[in-house]
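The values are calculated or read from the model by the stated rules, or taken from the named source; none is laboratory data. It should be emphasised that the depicted structure is a prediction, and the values quoted were computed from it without experimental measurement. No Cβ is skipped: glycine too gets one built from the backbone with ideal geometry, and neighbour counts run over all protein chains shown.
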Amino acid sequence: MCYYLGSPKIREEQKGVTEVKSARIIVIEDQEDLAALYESGLSKEGYRVFKAYTGEEGVALFQDEGADALLLDMTLPEMNGLQALQQIRGLNPNVPVVVVTGETSDDIRRSCERLGVHDYLPKPVDYDRLSAALRRALADRKTASEEYQVVTLRLPTRVIKCLSGLDDNIERAVEMICEEKFNR
């Protein structure tokens with residue numbers, strides 16, 4: 001059995017890997033026709049799909065039901081996709097996220113990368129490409145069983161420079177810490 005932080009759902013795992021084709025997917029997309037299209041295609045592939053049309057609905061659905069992966073649009077009403085992603089990462093830093101969006105801002109894309117998005121696909125997206133990205137994200141479960149605790153450290157600049165070249169996750173963490181520090 002494996003319990004994922006922020007998710008009340010417990011699921012059995014065989015040999016440490018969840019069956020990809022029975023995975024629970026939350027689609028957070030404000031365009032109802034696209035959400036229905038994603039749901040139809042993914043359901044045919046054997047995924048269990050749940051839809052949310054706003055960032056707030058998506059975060060609430062994830063908090064209540066959990067998911068094995070998310071498809072997330074960045075341009076959403078009320079709470080944008082980046083805000084939703086930040087809240088979801090607060091609930092579970094490991095859940096795979098594939099962004100499918102018309103948002104072309106490099107800043108948004110970099111923020112998504114820092115928050116560990118597995119893939120960032122521009123709209124209109126080819127369904128085969130979307131499906132492949134989701135399969136890769138679900139297959140990349142190397143950190144899913146690890147537990148993490150978010151900590152804030154105050155480090156000298158020289159130490160941060162040394163750490164940032166060691167690992168992508170450390171680099172993202174250092175960047176996030178610096179952004180929070182200077183954006184207050």
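Identify the residue in the stretch 103-143 that is among the β-branched types (Val, Ile, Thr) and crowded, with 16+ Cβ neighbours inside 10 Å and, among all such residues, is nearest to the chain's Cα centre (by Cα). Show your work before the answer.
In the first step, residues of the stretch 103-143 are kept if they are among the β-branched types (Val, Ile, Thr); the result is 104, 108, 117, 125, 143.
Within this subset, residues satisfying the condition of being crowded, with 16+ Cβ neighbours inside 10 Å are 108, 117, 125.
Values: Ile108: 14, Val117: 5, Val125: 18 Å.
Filtering the stretch 103-143 for residues that are among the β-branched types (Val, Ile, Thr) and crowded, with 16+ Cβ neighbours inside 10 Å, the one nearest to the chain's Cα centre (by Cα) comes out as Val117.
Given the conditions (1) surrounded by 18 or more Cβ atoms within 10 Å (Cβ to Cβ); (2) modelled with pLDDT under 50, which single one is not true for Tyr38?
The failed condition is (2).
Return yes when Glu179 is exposed (fewer than 13 other Cβ atoms within 10 Å of the Cβ) and either at pLDDT 85 or above or part of a helix (DSSP H, G or I) (or both) and no when it is not. Don't jump to the end; show me each part of the working.
On the way: exposed (fewer than 13 other Cβ atoms within 10 Å of the Cβ): yes; either at pLDDT 85 or above or part of a helix (DSSP H, G or I) (or both): yes.
Here the answer is yes, as Glu179 does meet what is asked.
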